[in-house]
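The values are calculated or read from the model by the stated rules, or taken from the named source; none is laboratory data. Being a predicted model, the structure only gives us computed values, none of them experimental. Here the Cβ positions follow ideal geometry from the backbone for every residue, glycine too, while neighbour counts run over all protein chains shown. Protein only, heavy atoms only, side chains kept; ligands, DNA and RNA dropped before computing areas. Shrake-Rupley method; radii C 1.70, N 1.55, O 1.52, S 1.80 Å.
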Amino acid sequence: MTNKEQIQKLRDYAELAWVSYGYFDLLDKKFKELKDKDNDKTRSETITLTDILNIDYKGYEVVDANNEKIGTLKGDFSPTQAQQFFERYTLLKHCPNTASGFSATLFQHKKSKELTLAIRGTEFSLNRIEDLITD
């Protein structure tokens with residue numbers, strides 16, 4: 001493997017690790033109704049894979065069918081970077097945060113068919129830490 005290929009591989013792994021922090025359990029949910037900046041109309045759209053990573057939507061609320069808030073988008077990718085990532089990779093399976101805070105996502109490279117299991121850092125809430133201490 002050449003130096004250029006090794007650098008590319010390391011970049012891909014770093015990006016996969018970064019993407020593992022996406023809240024993919026919000027896929028196909030709806031944005032809270034938003035005012036369109038250009039024409040002041042309200043819109044309600046289904047959330048896509050690229051929306052989850054897109055920094056333009058960071059802080060946007062996600063709602064269920066009853067218009068109840070179920071989450072907030074926290075993407076850190078530029079719109080182009082998010083699009084290019086999903087041109088190269090397919091998300092096969094996502095395990096959202098479990099009770100212990102574990103979350104992982106399985107990706108497949110579209111050309112090489114290589115599988116990558118990306119496990120993100122464990123997320124604990126203060127309430128969950130207190131529960132663990134008192135158990």
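Cβ-Cβ under 8 Å, sequence separation 6+ or interchain: first residue in region 70-98 and modelled with pLDDT of 95 or more, partner loosely packed, with under 14 Cβ neighbours inside 10 Å and not in a helix (DSSP H, G or I). Which pairs?
Hits for this filter: GLU87/LYS110; ARG88/LYS110; ARG88/LYS111; TYR89/LYS110; THR90/LYS110; LEU92/LEU115.
Considering region 99-108 alone, what residues qualify as being open to solvent by 40 Å² or more (accessible area, probe 1.4 Å) and at pLDDT 95 or above?
LEU106, GLN108
The rows are residues; the columns are (1) among the small types (Gly, Ala, Ser); (2) assigned to a helix (DSSP H, G or I); (3) over 12 Å from the mean Cα position of the chain (by Cα).
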{"site": "GLN6", "(1), (2), (3)": "no, yes, yes"}
{"site": "ILE52", "(1), (2), (3)": "no, yes, no"}
{"site": "ILE70", "(1), (2), (3)": "no, no, yes"}
{"site": "ALA82", "(1), (2), (3)": "yes, yes, no"}
{"site": "SER100", "(1), (2), (3)": "yes, no, yes"}
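Which count do you get for residues in region 32-50 that are open to solvent by less than 100 Å² (accessible area, probe 1.4 Å) and either more than 20 Å from the chain's Cα centre (by Cα) or modelled with pLDDT of 85 or more (or both)?
Going through region 32-50 one residue at a time, the tally reaches 10.
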